[in-house]
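Below is one structure, written out as structure tokens; the observations come after it.
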Amino acid sequence: MRRPAILAAVVLLAPLAACSTVTEAVKGPQLAPVGYPAALAPMEQQYVSAREPSPQAASANSLWRVGARAFFNDQRASRVGDIVTVMIDIDDSASTKNATNSSRTSSAGAGVDHFLGLESSLGKVLPGGFDPSKAIGTNSTFSNAGAGGVSRSEKISLTIAAVVSQVLPNGNMVIQGTQEVRTNAELRQLTVAGIVRPEDISSANTIKHTQIAEARISYGGRGDISRVQKTPAGQSLVEKFSPF
């Protein structure tokens, strides 16, 4: 009895699953709700329910500004929930060229001048035109040529704010951040995640992408333009699994 119920539930929920795809095709991609980034790293997210108590009101003769968090304290990200700015500046290029050429030519010949006095009689047994001095002859030629090349160039210059999602026992911090920008019916999404050292964060509370360990940087999008540029699913499957 449970099996038909499960099948019925799948049939009923199938249109709901396709609803978002149809809506996106008609109205374009929608921005995700604002909140803590998704768990890009395989670990549980930690949330801070309460921060430090708000500063008390100062007396009339005090130079301390009401509402100030600190005066000389370090304002760099150091705790779960703090924000750090990640500077992404990727300008990489690679070029590889390989060429291979090989060839070989060989020839061999053998004759039977004397064969127990039967060399003259071999012409009766073997096909016509037999010459004992050229009984065996071989000739072979082999050649091979190959060439290959790889040329890649990548350049990305972006800035994104990430949130500290966890502080490791040695003091290093796990950061994660997501940024979405919608232009007409095209949505661009930038995500970054990784592990940083507190001492690598600058005084302006920024860090370079080269200082992020286990960095995971993704820049892509979805929408009308991306859908047109993408290879159709059927063609992609045929190209991937075709044995020819």
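Odds and ends about this structure:
- Taking the criterion of being of a type in the set (Phe, Trp, Tyr) and more than 20 Å from the chain's Cα centre (by Cα), the residues of the range 206-244 that qualify are PHE241, PHE244.
- Number of the exception - ILE175 against (1) surrounded by fewer than 17 Cβ atoms within 10 Å (Cβ to Cβ); (2) aliphatic (A, V, I, L, M); (3) under 18 Å from GLY81 (Cβ atoms): (1)
- Residue check for GLU52: modelled with pLDDT under 65 and under 30 Å from ALA215 (Cβ atoms): no
- Strands (runs of 3 or more DSSP E) enclosed by the range 144-244 - at least 2 residues per element that are over 30 Å from ARG76 (Cβ atoms): 173-183, 186-196, 213-223
- Pick from the range 206-244, criterion in contact with a strand residue (DSSP E or B) (Cβ under 6 Å, 6 or more places away or on another chain) and among the polar types (S, T, N, Q), ranking: modelled with the highest pLDDT: THR206
- Counting the residues of the range 87-136 that are surrounded by 10 or more Cβ atoms within 10 Å (Cβ to Cβ), in a strand (DSSP E or B) and either of a type in the set (Asp, Glu) or modelled with pLDDT under 65 (or both) gives 1.
- Residue match in the range 219-230 (condition: of a type in the set (Val, Ile, Thr), over 17 Å from VAL163 (Cα atoms) and either out of contact with any His (no Cβ under 8 Å at 6 or more places or on another chain) or surrounded by 10 or more Cβ atoms within 10 Å (Cβ to Cβ) (or both)): yes
- Residue within the range 187-196 that is under 17 Å from ASP89 (Cα atoms), crowded, with 16+ Cβ neighbours inside 10 Å and among the polar types (S, T, N, Q) present: yes
- The number of residues in the range 203-214 that are surrounded by fewer than 16 Cβ atoms within 10 Å (Cβ to Cβ) and either free of Cβ contacts under 8 Å to residues at least 60 places away in the same chain or among the charged types (D, E, K, R) (or both) comes to 4.
- Summed over the range 174-193, residues that are among the polar types (S, T, N, Q) and without any contact (Cβ under 8 Å) to a residue 24 or more places away in the chain total 2.
The values are calculated or read from the model by the stated rules, or taken from the named source; none is laboratory data. These numbers were taken from a predicted model, which means no experiment stands behind them. Note that we place each Cβ from the backbone using ideal geometry, even for glycine, and neighbour counts take in every protein chain shown.
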